[in-house]
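Q: Below you will find the structure I want to go over with you.
The numbers here are math on the coordinates, done by the rules we state, and not lab data. Remember, it's a predicted structure, so these values are computed and weren't measured experimentally. Using ideal geometry, Cβ is built from the backbone for each residue, glycine included, and neighbour counts are taken over all protein chains shown.
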Amino acid sequence: MTGKATTQRGFTLIELMSALLILALLAVMSFRGLGAVLDARDQVRQETEKWKRVAALFARLQHDVQLSAPRPLRTAAGRLEFSRFATAEGIDAPRRVAYRLNENREIELWLWPGLDVAPDAQPARYSVLSAVAQFELQYLDAELVWVDAWPRSERDPPLPQAVRVRIVLDSGEDLVRVFALQS
């Protein structure tokens, strides 16, 4: 043999351990980052669903109010009840509808089978929005003054000029919408 020394090439144990430590730190940071992204995605999905339900409630309420019939409005604390016509397309039938806040903090839609039903007829009830802290209604009279009850007297027309709906969600959002009524 000749006296040539062969040099081996490769990583030392310290270099391998340092590389593994760096990779482990990167993996932990990536895992935490991925967890934060997934949590944010879930939060966005929940918020999106909440606002879809709010938008659906206001769209349904606007649709019903636009079809309101000039018949007496029945109001009670936290409840709006009125008659509405059928749609021009014939999809909906004329009927009595009501919106109210129930004891479970949900806004319910009540639908009676028709306009003039027996006094003991029970409406179908549908929860249209949950997690509601407050549901307040005000009515615009002929003098353009907002009042808390309608009708106030026998001289008032069957329908007010408009209805103002205020909803406070459990998460703190305060929403106000005004709907003009047919007269």
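Q: Enter the angle in degrees (range 0 to 90, nearest 10) between the Cα long axis of helix 13-66 and the first principal axis of the Cα atoms of the chain, meaning the one along which they spread out most.
A: The angle comes out near 10 degrees.
Q: Among G114, G172, G78, which one shows the biggest mean-square fluctuation in a GNM of the chain, springs joining Cα atoms closer than 10 Å?
A: Highest fluctuation of the listed residues: G172.
Q: Can you give me the relative contact order of region 47-180 as a percent, contacts being Cα pairs under 8 Å and 6 or more apart? Each step should come with its number before you reach the end.
A: Working: 253 pairs, mean separation 25.3, N = 134.
Averaging sequence separation for qualifying contacts and normalising by length gives 19 percent for region 47-180.
Q: I've got another one for you. Between L101, L13, L129, which gets the highest mean-square fluctuation from a Gaussian network model of the chain, Cα cutoff 10 Å?
A: Highest fluctuation among the options: L13.
Q: Something else about it: Per-residue HN-Hα couplings for region 113-129, Karplus 6.51 cos²θ - 1.76 cosθ + 1.60 at θ = phi - 60°, whole Hz, x for Gly and Pro?
A: x, x, 6, 10, 10, 4, x, 8, 5, 9, x, 6, 10, 10, 7, 10, 7
Q: Next question. Sorted from largest down, give the three principal axis spans of the alpha carbons of region 38-113, whole angstrom values.
A: Taking the Cα atoms of region 38-113, the three principal extents are 51, 33, 18 Å.
Q: Continuing with the same structure: Compare A93, A59, A121 in a GNM of the chain, Cα atoms joined below 10 Å, and give the one with the largest fluctuation.
A: The residue that fluctuates most here is A121.
Q: Taking a point 7 angstrom from the Cα of A131 along the C-beta vector, which residues in region 35-63 have backbone N less than 12 Å away?
A: Answer for this model: 43-54.
Q: Moving on to the next point. Can you give the local net charge around R155? Use residues other than it whose beta-carbon is closer than 14 angstrom to its beta-carbon, Lys and Arg +1, Asp and Glu -1.
A: On the way: positive: R152; negative: D141, E143, E154, D156.
Charge balance near R155 sits at -3.
Q: Fewest Cβ neighbours within 10 Å first, please rank T7, T87 accordingly.
A: On the way: T7 5, T87 13.
Listed from fewest to most nearby Cβ atoms, that is T7, T87.
Q: Sticking with this structure for a sec: Go through region 21-76 and name the chymotrypsin sites (Phe, Trp or Tyr not before Pro) that are in a DSSP coil and have 15 or fewer other Cβ atoms within 10 Å of their Cβ.
A: Sparse-neighbourhood loop chymotrypsin sites (Phe, Trp or Tyr not before Pro): none present.
Q: Quick check on the exposure proxy: order L80, L140 from fewest to most C-beta atoms within 10 angstrom.
A: L140, L80
Q: For the chain, give me the percentage of DSSP beta bridges that are antiparallel, rounded to the nearest 5 percent. Working shown, then result.
A: On the way: 37 of 37 bridges.
Within the chain, antiparallel bridges account for around 100 percent of the total.
Q: Cα-based Rg (one decimal) and Dmax (whole number) for region 113-174, in Å?
A: Considering region 113-174 through its Cα atoms, Rg and Dmax are 15.5, 41 Å.
Q: Could I ask something else about it? Work out which GluC sites (Glu not before Pro) in the chain are exposed loop sites (DSSP not H, G, I, E or B, at most 11 other Cβ within 10 Å) and give the longest gap free of them.
A: Values: sites that count: E89, E103, E143, E154.
By the stated rule (loop sites, at most 11 other Cβ atoms within 10 Å), 1-88.
Q: Kirkwood hydrodynamic radius of region 47-180 from all distinct Cα pairs, in Å? The partial results should precede the final answer.
A: Working: mean 1/r = 0.0648 Å⁻¹.
Its Kirkwood hydrodynamic radius stands at 15.4 Å.
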